[in-house]
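Attaching a single structure in structure tokens format; questions to follow.
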Amino acid sequence: MRNQHRPDYWTFVRLLPKPAYAHLAVEDLVTDHAQAAYCLRCETCIPFRKGQNGVKKHMVKFHMDHLATYASEKEKKREAEVTLTSAYSKRDPQSASKVVAVSPQQQSHVNELLALWIAGSLRPLSTVGDKGFSALIRYLTSDLGGIEVKLPSRTQVRADITQQAAELRASLKSKLAKECGYYSVTTDIWTSRTARSFLALTVHYLTCEFQLCNWTLEVEHFPGRHSGAAIAEGLSSLLKRWGLDLANCTKLLRDGASNGVLAGNLLGIEHMSCIAHSLHLVLAGLLIKKRPTPSDPSAAGVSHAGTASVMIVNQDLIRTQQLEEDTGRATTTQAANAWFEEPMESEAIPSQRERAWCELGDFLQTWLQLEERSAMGEVRDIVQRFRTIAVYFHKSPKAWNRLAEIQIERQARRPLRPITDCPTRWNSARDMLARMMELEVATAHFFTYLATDPGKKEFKDTPSLSRPAPADWFTARCLVALLDPIAATTEVLSGEKYPTLSVAFPCLRAIRATLAREDLFAQEAVLTGPQIYRESVLERMHAVRRILLNLFDRRFAELPDELLWVSLLDPRLTDMSTLSPDETIHAKNCFIAAVIEIAGEQQPSSFPAVEELQDKSPVPKRAKMNVKAAVFGKRATRKSSWQADTDSRERSMRVRCEAEVHRYLACAELASVEVDPLDWWQRHAAIFPTLAQLARKWLACVATSVPSERAFSTAGNTVTAQRSSLETDLVRDVVFIHENFVSS
């Protein structure tokens, strides 16, 4: 029925039409067509005739409480509408005259907060000139607050960001001077889309209260040749600028490039390759395919035993040679791929992708035999088929819409979007394959639809996609089963809010144990059943597993000794279950030696240093000893009193340190695997004072250079395609503010 008068009554009552008018649409019914009224509250029919009815009497008698509630809610709504209307209405001249200008100090504080907000949220400086933003600020200040606040210009915001960054740097430098003893640093080099290079430096340390601190000190413009000497000079300059003593640097984390190794050697500090980067070199050869070029023999269908490319390309996949973006995305080559409408924005510039491909190619070329490259290539080709499908759905709105409809209609679930991968991160390929496993049913329905007449008509401009065979799906499932444990371990090592270097060696042993498992694919084989392709796929995957195990052993053959015993500083890992008996003995000996060394550093000797007593005469020491023996006889071999005291002190220190180590190991046996090692040390620092200093030195070390890469991610979000001409100093300031005083 049409709306009635007195909505307070008719909100709870509806009219029922006479049977003769039941066929009419609701909007065509009028009061004359009503047979009776129906109460929605008590489900009772009320007599009704036009001009005379019992609706009011019924509501007042039986539902007065509902009427009162309705009236109250209606009044609240009216008051809210009046308030909103008055807020948006123009102020009269009298109220306009009451606007008060803020003081210069208040205006300055507003400018500072605005600068921090713009830098911290990575917004463009042009925000202050945006009409909508200006209108919002004017309404909040003048119209509602009765105060006059002026928005600064872009130039003023730029100056305020510089000033705020300088003040925050000074504050952080003072904080480092007070809190930072031993520290570790990570570094990396990033190139922006405008081919400008930046050097990153992050610092990690523990305070006296065992609070873990992580700071992004610099993402600074780094022009010129990236030689080892240049990198060493740049890092030395940055550390000196921040007042960090190189002697207190426990570990430098870098990538595996030779210039990084040379830089660490020139600095004279302990350094190691990023574990995540090393794992990428081991695993990426199985997952990442290099973009073929016209000069690539594999692209032309030529294979030479002596010059075979590490990146073997399947001829069925040459049509996807545009897949050069670091996310596995395609470029705009319209002739080959009409279904690609726009190029997707890359996360890494081509030089970074080429560097990753070249480094990976050199590594595999060095360590893999030709037949092993062939086995790796077969699996890579299968991964490439899934990559092509994922990129297609990612780039074609029409295909994605169809895939989403299939998931909604056939599987009754929220649509899952395919994931594309990145050639600089192997785990992104694992994520891509895992998502394709979830989309297996939907993908099968999509290919079935492509074979129908409507599908051919809808996707007539689509290049022929290669439908994955059952053996391909089985291979992908086995590959995900192989990569899942490694991905989980890598995620643990990539953290920076908890100790990671102490768990590095156990994690690496866990990865090796996964690669050594002969039954790794047993569950997938059982789920697949007795298919004709099962044994051949299993044989290939076990061959690949053995290849990865070989690459892993070669890549991690020479680990720093401290990785073996640093785990003992984590109370959860003192049982050393991942070590062999010989490794256990060696680790304990190194551990005790490290404790004695740091105890000696904390207890300065009152005796003169040996170097001070040594004669700088060019006469050989042996000749001097012979003369001394001839003159003084047996007395020449006696130790001086201070030397005897020194030996006694060293023996006493060793006994004390060994006793503290034994007490610590006994106490740590009671620690749960759920305990936070930093909380544990905070509670036990007074009980084990020497070991606490060693723990403070090493538990702050990170196992990867991921913190520097995260800083570069922020830099990449700053230097976008729309803001590619930003000054390098502004990029440095914005990243510093965002990383240290916003995201943290």
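The values are calculated or read from the model by the stated rules, or taken from the named source; none is laboratory data. Values in this document were obtained by computation on a predicted structure and should not be read as measured data. Here the Cβ positions follow ideal geometry from the backbone for every residue, glycine too, while neighbour counts run over all protein chains shown.
Which of the residues belonging to segment 177-220 are surrounded by fewer than 18 Cβ atoms within 10 Å (Cβ to Cβ), out of contact with any strand residue (DSSP E or B) (no Cβ under 6 Å at 6 or more places or on another chain) and hydroxyl-bearing (Ser, Thr, Tyr)?
If the condition is that a residue be surrounded by fewer than 18 Cβ atoms within 10 Å (Cβ to Cβ), out of contact with any strand residue (DSSP E or B) (no Cβ under 6 Å at 6 or more places or on another chain) and hydroxyl-bearing (Ser, Thr, Tyr), then Thr194, Thr207 are the ones that fit.
Another one. Against the definition (in contact with a Leu (Cβ under 9 Å, 6 or more places away or on another chain), modelled with pLDDT of 90 or more, of a type outside the set (Gly, Ala, Ser) and not in a helix (DSSP H, G or I)), how does Leu176 come out, yes or no?
no
Picking from Gly529, Gly495, which residue would you name as being surrounded by fewer than 22 Cβ atoms within 10 Å (Cβ to Cβ), out of contact with any Pro (no Cβ under 9 Å at 6 or more places or on another chain) and closer than 30 Å to Trp215 by Cβ?
From the options Gly529, Gly495, the qualifying one is Gly495.
Kindly provide the set of residues from segment 408-427 that are within 19 Å of Ala476 (Cβ to Cβ) and crowded, with 19+ Cβ neighbours inside 10 Å, ordered by number.
Pro418, Ile419, Thr420, Asp421, Cys422, Pro423, Arg425, Trp426, Asn427
In segment 445-475, what count of residues is obtained for those that are farther than 17 Å from His394 by Cα and surrounded by fewer than 16 Cβ atoms within 10 Å (Cβ to Cβ)?
Count: 11.
Looking at this structure, is Cys208 outside any helix (DSSP H, G or I) and farther than 22 Å from Val706 by Cα?
yes
I'm trying to understand the selection: among the residues of segment 508-526, which are more than 16 Å from Ala481 (Cα to Cα) and either crowded, with 21+ Cβ neighbours inside 10 Å or of a type in the set (S, T, N, Q) (or both)?
Scanning segment 508-526 gives a single hit, Leu508.
Another one. Here is a check on your reading of the model: is Lys150 in a helix (DSSP H, G or I), modelled with pLDDT of 90 or more and either surrounded by 12 or more Cβ atoms within 10 Å (Cβ to Cβ) or of a type in the set (Lys, Arg) (or both)?
Here the answer is no, as Lys150 does not meet what is asked.
Then there is this: Out of the residues in segment 54-66 that are in contact with a Phe, Trp or Tyr (Cβ under 8 Å, 6 or more places away or on another chain) and within 12 Å of Phe12 (Cα to Cα), which is surrounded by the most Cβ atoms within 10 Å (Cβ to Cβ)?
Met59
In addition: Name the helices (runs of 4 or more DSSP H) wholly inside segment 383-481 in which the number of residues that are in the same structural domain as Arg545 (by TED's automatic domain parsing), under 30 Å from the mean Cα position of the chain (by Cα) and free of Cβ contacts under 8 Å to residues at least 12 places away in the same chain is 1 or more.
Fully inside segment 383-481 and qualifying: 397-411.
Of the residues that sit in segment 538-576 and are without any contact (Cβ under 8 Å) to a residue 24 or more places away in the chain and part of a loop (DSSP other than H, G, I, E, B), which one is farthest from Asn589 (Cα to Cα)?
Applying the filter and picking the extreme gives Ala557.
Here is a further query. Restricting attention to segment 34-53, does a residue exist that is surrounded by 13 or more Cβ atoms within 10 Å (Cβ to Cβ) and assigned to a helix (DSSP H, G or I)?
No, because not a single residue in segment 34-53 is surrounded by 13 or more Cβ atoms within 10 Å (Cβ to Cβ) and assigned to a helix (DSSP H, G or I).
Now, a different point. What's the number of the condition Phe712 fails, among (1) at pLDDT 85 or above; (2) crowded, with 16+ Cβ neighbours inside 10 Å; (3) not charged (D, E, K, R)?
Here Phe712 clears every test but (1).
Look through Ile161, Ile189 and report the one residue that is at pLDDT below 95, assigned to a helix (DSSP H, G or I) and not assigned by TED's automatic domain parsing to the domain that holds Ile598.
Ile161
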